[in-house]
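The structure under discussion appears below in the form of structure tokens.
Every number here is computed from the coordinates shown, using simple stated rules; none is lab data. Everything numeric here is computed off the predicted structure, so don't read it as measured data. Reconstructed Cβ throughout: ideal geometry from the backbone, glycine too, with neighbour counts over all protein chains shown.
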Amino acid sequence: MNRAIWLSAVSSLLLITCTGKAPGGGSPGAFRPGEIWPDTEGNPINAHGGGVLYQDGVYYWYGEIKSGETRLPVKNKTWTGTRVQAGGVSCYSSTDLVRWNNEGVALPPVADDPGHDLYPGNVIERPKVVYNESTRQYVMWMHIDSEDYSAARAGVAVSDNPVGLFVYRGSIRPDGSMSRDMTLFKDDDGRAYLVYASENNATLHISLLSPDYLSPGGTFIRVFEKRSREAPAVFKYGGRYFIVSSGCTGWDPNEAEYAVADSMLGTWTVRGNPCQGPDRDKTYFSQSTFVLAVADIPGAFIFMADRWDKQNLPDSRYVWLPLRIQGDTLSIAWRDSWDLTAFKE
Ligand code: DGJ
């Protein structure tokens, strides 16, 4: 290394160490929606359609492992049907939400059994995890499907620690219904709900899970009837429940919409698109996956979304943006770069 380059490297390091700022003015602790997001080893984070669990001071980010060639399955010859081999579910951990450690594969695929739900030729999407205090188990639910998306099932797996390995328990059609895009929501009272796109994606169902979270408890409601909402993300604030969802256009982006209710099984009122400004009609070219409650900052929530690249699915990016809540009104605005101080503005 010549002397000029060496001096420049040392001064950059000093700048970061002393000021916490990276050269060029960006902060190393910033979210950069739509850009490649490396983990702490420098590899792009591979956790698509994901969700985050906060447990004992640590955030765990679970998501779909997408790698390898993007292809068109034999049964679907339009670009809306592109797939990669299902790679199972990844887990990353963080204490600051920006720097993520790769904890490895939390739920591996089953490569040697074409009849297994987790066979790589099938679909494993949108994994979410909640912790059950009574059983002391981490419970993962996910969308399980056949390569052509005709199976429409929900799979469940359990682990006694957050990073896995999770043990797969099988899949069902919850409440006897088709189930594709899904999320989990655990309420303050310990009840947990499976929220899934049902009736061939026409209507969402909200299903109260059994006390062990391993099966539907038998009570469910149908919401947004025949309005084709998918990619649900649920959170609670100020005693109200919110669902943000997308329209149903394959990998292509569309307009987000949110709804509010006084209880999970209550009456949901549709309130419109929370996104503001340019590209609000395309959710900034992304699709909802989760709303993350920031620990220790009351009222701070992050809208998590995927910017799918249907021709190169492993290069799909993450769009995380601050979600503002005023009463029962939500708003999201685009930012090129931001950090948690945004919640103090
Ligand atoms: C939209 C869903 O939200 C995604 O999870 C994925 O299933 C794509 N459709 C597939 O086209």
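For the stretch 3-344, calculate the relative contact order in percent as a whole number, restricting contacts to Cα pairs under 8 Å that are 6 or more residues apart.
13 percent
Place a label point 7 angstrom from the Cα of GLU69 along the Cα-to-Cβ direction, then list the residues of the stretch 104-135 whose backbone nitrogen is under 17 Å away.
Correct set: 120-122.
Taking θ as phi - 60°, what are the ³J(HN,Hα) couplings along the stretch 192-197 by the Karplus curve (6.51, -1.76, 1.60), each to the nearest whole Hz, with x for Gly and Pro?
10, 10, 9, 10, 9, 6
Check which residues have an amide H placed less than 5 Å from SER215's amide H, if you skip close sequence neighbours.
Residues meeting the amide H criterion: SER210.
List the residues, sorted by chain then number, that are 5 or more residues from ALA86 or on another chain and whose placed amide H is less than 5 Å from its amide H.
GLY121, ASN122
Over all directions, what mean area does the Cα convex hull of the stretch 3-344 project, stated in square nanometres? All intermediate terms of the calculation are to be shown ahead of the outcome.
Values: hull surface 73.7 nm².
So the Cα hull casts an average projection of 18.4 nm².
Find how many whole Å separate the alpha carbon centroid of the stretch 308-345 from the alpha carbon centroid of the stretch 141-181.
27 Å
How far is helix 3-19 tilted off the main Cα axis of the chain, in degrees rounded to 10, range 0 to 90?
Compared with the principal axis, the helix lies near 60 degrees.
Neighbouring Cβ atoms within 10 Å as the yardstick, rank LEU97, LEU265 fewest first.
LEU265, LEU97
Which whole-percent values make up P(r) of the stretch 85-132 when all C-alpha to C-alpha distances are grouped in 5 Å steps starting at zero?
Final binned percentages: 5, 20, 21, 20, 16, 10, 5, 2, 0.
Looking only at VAL129, VAL291, VAL98, which one moves most when the chain is put into a Gaussian network model with springs between Cα atoms under 10 Å?
Taking springs between Cα atoms under 10 Å, the residue moving most is VAL98.
Could you calculate the contour length gain from VAL270 to GLN311, that is, 0.36 nm times the residue separation minus the distance between their Cα atoms, to one decimal place in nm?
11.5 nm
Please list, in order along the stretch 276-282, the HN-Hα scalar couplings obtained from phi with the Karplus expression 6.51 cos²θ - 1.76 cosθ + 1.60 (θ = phi - 60°), rounded to whole Hz, x for Gly and Pro.
Karplus-based 3J(HN,Hα) across the stretch 276-282 equals 10, x, x, 6, 5, 6, 10 Hz.
Quick one: length gained pulling PHE285 to ARG136 fully straight, 0.36 nm per residue minus the C-alpha distance?
Length gained between PHE285 and ARG136: 49.8 nm.
Report, by chain and number, residues whose modeled amide H sits under 5 Å from the one on ALA300, excluding near sequence neighbours (fewer than 5 apart, same chain).
For ALA300, the qualifying residues are VAL294.
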